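We did not get these values from a lab; they are worked out from the coordinates using the rules stated. Please read these numbers as outputs of a predicted model, since none were measured by experiment. Here Cβ is always computed from backbone atoms with ideal geometry, including for glycine, and neighbour counts include all displayed protein chains.
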Amino acid sequence: MSKPVIDYDECIGCGSCAEVCPEVFEMDESVNKAVVKAEDKCVDGACDEAVDICPTEAITLVD
């Protein structure tokens, strides 16, 4: 199972990942960045759209 990882230096806090994959990502308003809230729900390609939509390519999937 792949796990989503966010490069916080690259994340601009646009919220796209949380919009398309809210079961895995959410916004941390205290730092205005996306965070992974449930990496175990990133199964069967559920996170692929979030990876693809991220404008700064801050999200990667690792095994």
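Longest segment of the chain with no GluC sites (Glu not before Pro) in a DSSP loop having at most 16 other Cβ atoms within 10 Å?
30-56
For the chain, taking Cα atoms only, what is the radius of gyration to one decimal and the Dmax to the nearest whole Å?
10.2, 31
Can you work out the FRET efficiency for the pair Val62 and Tyr8, with r the C-beta to C-beta distance and R0 = 22 Å, to the nearest 0.05?
E between Val62 and Tyr8, to the nearest 0.05, is 0.90.
Would you calculate a helix-derived [θ] at 222 nm for the chain, using -39,500 (n - 2.57) for each DSSP H run of n ≥ 4 and dividing by the full residue count, to the nearest 500?
Taking each H run of at least 4 residues, the total per residue is -3500 deg cm²/dmol.
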